[in-house]
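A.B. asks: To start, I am sharing the structure in question, which I have written as structure tokens.
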Amino acid sequence: MTQPKAETIKLNSGIEMTMEGIGTFLFTPDEAQASCEDALKDGYRLIDTANAYVNEKAVGRAMKKSGLPREEIFLETKLWPSFYEKEDEVDQTLERLGTDYIDLMLLHQPAGNWKAGWRQLEKGFKEGKIKAIGISNFNKEQIEELLDFAEIKPAVLQMELHPYNQEPEFKVWLKEQGIVPQAWYPLGHGDHKLIDEPVFTRLAKKYGKSNVQIILRWHVQDGNVVIPGSKNPAHILSNFDIWDFKLDDDEMKEIAALNQNKHYYISTPELLAKYVEMVPDVDGQK
Ligand SMILES: NC(=O)c1ccc[n+]([C@@H]2O[C@H](COP(=O)([O-])OP(=O)(O)OC[C@H]3O[C@@H](n4cnc5c(N)ncnc54)[C@H](OP(=O)(O)O)[C@@H]3O)[C@@H](O)[C@H]2O)c1
């Protein structure tokens, strides 16, 4: 039996992005390589990494080992604030990833001289080294400032999104700007209080799915690209089996009612200032 195809979304730069990928935050190089290899075997075609995860070389190795043509994989990474003023960091990132283009590159944080970082991404885009550019953790005011200044508009905002933090009004505004939301912590970073909510358990039973599959399906139907992280091969496989069922409108509304603006991560000016000082050991990685 052929698997139903993963859904995709078109970005404002014209390229297609799959609605689900594998996340690699907090993974050692070996863990990242194993997760990405598993994911690519299971049909995933989107990988999310970052300079700051210090596992880009391992992601590059997993892509090579998969045997897939480069153009079948959507590769996403993020420029770290201490590199915003470092002119050659796009090239350095390409080298670590072992590829000659990145599908989507984001500014990781609205910190330091992010305008210099944006100019660096725009340059990479114009040179064909990056196919789409975007941002992560920017709020509405910061995006408005970026839109005033940008030559190339952001295609994606990666942000904390899960059933406890749904950001409905912000997402309407993002849609008006042509910016696609991508959910980090889509499972609340594995919070079992969230995963075990009775509504997910009931819907899981109805559809013959797991609670996590219901949450991921809700994300996709709500317009969020998801990048769940997992080191468990069985989880990686089942997390991608969400394309053969659809939640109905009442079920989507029931899940919408879980929204409580809960953030697992709170950004502060102190943290942002620290990020500018923090230099990830990108050269020392395995
Ligand atoms: N831009 C940013 O600032 C930012 C910040 C945070 C994250 N991110 C990105 O977003 C990705 C996702 O975030 P995350 O990985 O931290 O959190 P997450 O995807 O919400 O949750 C990951 C946790 O859920 C567990 N899990 C995954 N599948 C499961 C399943 N089927 N059943 C039970 N548990 C399951 C994982 O454990 P197992 O390993 O046991 O499966 C892991 O502990 C990151 O990897 C990263 O790429 C970006």
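Readers should treat all values here as calculations from the given coordinates under stated rules, not as data from a laboratory. Since we're looking at a predicted model, the values are computed, not measured. Reconstructed Cβ throughout: ideal geometry from the backbone, glycine too, with neighbour counts over all protein chains shown.
A.B. asks: Could you let me know the centre-to-centre spacing of the range 7-59 and the range 99-127, using Cα atoms, in angstrom?
C.D. replies: Centre-to-centre distance over Cα atoms comes out at 18 Å.
A.B. asks: If you plug each phi of the range 249-254 into the Karplus form 6.51 cos²θ - 1.76 cosθ + 1.60 with θ = phi - 60°, what whole-Hz ³J(HN,Hα) values come out, in order, with x for Gly and Pro?
C.D. replies: 4, 5, 5, 4, 5, 4
A.B. asks: Right, another one. Pull up all non-local amide H partners of L46: gap of 5 or more, or a different chain, and H-to-H distance under 5 Å with H placed in the peptide plane.
C.D. replies: I22, F74
A.B. asks: Now for a separate question. Can you compute 3J(HN,Hα) from phi for each residue in the range 173-187, using the Karplus curve 6.51 cos²θ - 1.76 cosθ + 1.60 with θ = phi - 60°, rounded to whole Hz and x for Gly and Pro?
C.D. replies: For the range 173-187, the Karplus-derived couplings read 5, 4, 4, 4, 8, x, 9, 8, x, 10, 8, 9, 6, x, 10 Hz, x marking Gly and Pro.
A.B. asks: Taking the 0 to 90 degree range and rounding to the nearest ten, how far is the long axis of helix 114-126 tilted relative to the main principal axis of the chain, both from C-alpha atoms?
C.D. replies: The angle comes out at about 90 degrees.
A.B. asks: Quick one: F25, F74, fewest Cβ neighbours within 10 Å first, how do they rank?
C.D. replies: Details: F25 16, F74 22.
Lowest count first: F25, F74.
A.B. asks: If we count other beta carbons within 10 Å of each Cβ, what is the order of Y207, Y265, fewest first? If you can, show how the numbers build up before the last one.
C.D. replies: Values: Y207 17, Y265 11.
The fewest-first ordering by Cβ neighbours comes to Y265, Y207.
A.B. asks: When the chain is modelled as a GNM with alpha-carbon springs shorter than 10 Å, which of H189, H219, H108 fluctuates the most?
C.D. replies: H189
A.B. asks: To the nearest 500 deg cm²/dmol, what mean residue ellipticity at 222 nm is calculated for the chain from DSSP H runs of n ≥ 4 alone, each contributing -39,500 (n - 2.57), summed and divided by the residues? Before the final figure, lay out each step's value.
C.D. replies: On the way: 12 runs with 114 residues, N = 286.
Calculated mean residue ellipticity at 222 nm is -11500 deg cm²/dmol.
A.B. asks: More than 27 Å apart: what percent of Cα pairs in the chain qualify? Intermediate values should be presented prior to the final figure.
C.D. replies: Values: 15046 of 40755 pairs.
Everything past 27 Å amounts to 37 percent.
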